[in-house]
Amino acid sequence: MAEKIQQALASVKGYTTRKDEQLPTFQSEEELKRQKRIKLFTYIGIFIVFQIIVMTVFGLTVMKVKTPRVRLGAISVQELTSVPATPSFNTSFTTQIRVKNTNWGPYKFDAGIATFMYQGVPVGQVAIPKSKAGMRSTKKINVEVSLNTDALPSSSTLSNELNSGVLTLTSQAKLTGKVELMLIMKKKKSANMDCTIAFDLSTKTVKSLQCK
């Protein structure tokens, strides 16, 4: 009889133990599900923040349209003569019209004209053909330039400058065109050139070339 009672107690005790062991297991499964949900929401939040950062950087870099730059390249003088007494000069040289495009899309521009001047008075021009500067690249257009004083009025300033041995000219140009981004967006942009050229009359070379 005593053995039966002990077996019954042991059976009840085992049931209680198994029941108590199952409860923590149930709670840990719920906790695991809760942690998974937290991780999921965290990953979603990180992904959204990452997308916002990517779109912001994309908008500030790739989609930002910058104005292309137009500059003169190195000048190779073919002929340079001057007569201070007249005063007059003639010069011919080769150079490059450089259209620098720093955008993430091509810059297509219309034909234009580069004008060379002495103290604001034109002494010659060169045509710039219609062309395209590729994405983040520089379009180089070779040109031959001939300048003379036929259109200049008599000037004591020019005579003094020729006597000094240095002739200073300026060159200006304006190109109009469009920057194309992602094959869908086109933005009108005008590129301007403003260069100053100083010729050394004694050596018949270019002393300095500055563009802005």
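The values are calculated or read from the model by the stated rules, or taken from the named source; none is laboratory data. Keep in mind that this is a model prediction, so the values were computed, not measured. Positions of Cβ are backbone-derived with ideal geometry, glycine not excepted, and every protein chain shown enters the neighbour counts. Note: areas computed on protein heavy atoms with side chains; ligands, DNA, RNA excluded. Shrake-Rupley method; radii C 1.70, N 1.55, O 1.52, S 1.80 Å.
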Amide H partners (placed H, <5 Å) of V166, local residues excluded: L201
Per-residue ³J(HN,Hα) for region 194-211, Karplus 6.51 cos²θ - 1.76 cosθ + 1.60, θ = phi - 60°, Hz, x for Gly and Pro: 8, 10, 10, 10, 10, 9, 8, 6, 6, 9, 6, 9, 8, 7, 7, 9, 10, 10
Equivalent ellipsoid semi-axes - Cα gyration tensor, region 69-211, angstrom: 34, 14, 11
Å² of accessible area per residue within region 69-211, as computed with a 1.4 Å probe and no ligands counted: 52
Full-stretch length increase - Q78, A111 - with 0.36 nm per residue and alpha-carbon distance subtracted: 9.3 nm
FRET efficiency, 1/(1 + (r/R0)^6) with R0 35 Å, evaluated for I184 and A127 via beta carbons: 0.65
Estimated FRET transfer efficiency when R0 is 25 angstrom, pair N148-N192 (beta carbons, to 0.05): 0.50
Length gained when the stretch Y43-T205 is fully extended (0.36 nm per residue, less Cα-Cα span): 51.7 nm
